[in-house]
Amino acid sequence: MNRHLLLAFPIVTALGCTSPALTVQESSFHPGEQVVCRYVVPVGSHLKERVCETVAQNKEESEQAKRVLEEAQIRRAADQALQRGGGRRPEGP
C-alpha cells in the first residue's frame with residue numbers, strides 16, 4: 001500500500017500544478033482582449049466548473065453586484081426606519 005501512495009503522490013501533485021484556479025489567456029473572439037478563467041463550485045454541487053469571461057464582463061458584473069448590494073442596504077434602512085415609526089419608504093425598484 002505504501003508503494004501505491006508513493007507512486008500516486010507525484011502524479012497527483014503534477015496534475016494539481018497544471019490546472020491553476022485562475023488563468024488569463026488571449027480571447028479567440030476579439031484580438032487583444034483578455035479572457036479570465038476560474039473554477040467555481042456551484043451551490044449544491046461538489047464539482048468545479050470552469051467559467052471564462054472577458055475582463056470587461058468581469059468588471060461589469062462586479063459593478064452590478066455592488067449596485068444591487070447598495071440598493072438592498074438602502075431598502076433595509078428604509079424598512080427599519082418605517083418599523084421605528086419614522087419617515088416613509090422611498091419610491092423605486
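Computed from the coordinates by the stated procedures, all read-outs in this text should not be read as laboratory data. The structure displayed is predicted, hence computed values, not measured ones. All Cβ positions, even for glycine, are placed from backbone atoms using ideal geometry, and neighbour counts span all protein chains on display.
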Taking amide hydrogens as modeled 1.01 Å from N in the peptide plane, which residues meet the under 5 Å criterion relative to Glu33, leaving out close sequence neighbours? Ser27
How many nm separate the modelled label positions at Ala81 and Glu49, each set 7 Å beyond the Cα in the direction of the Cβ? 3.9
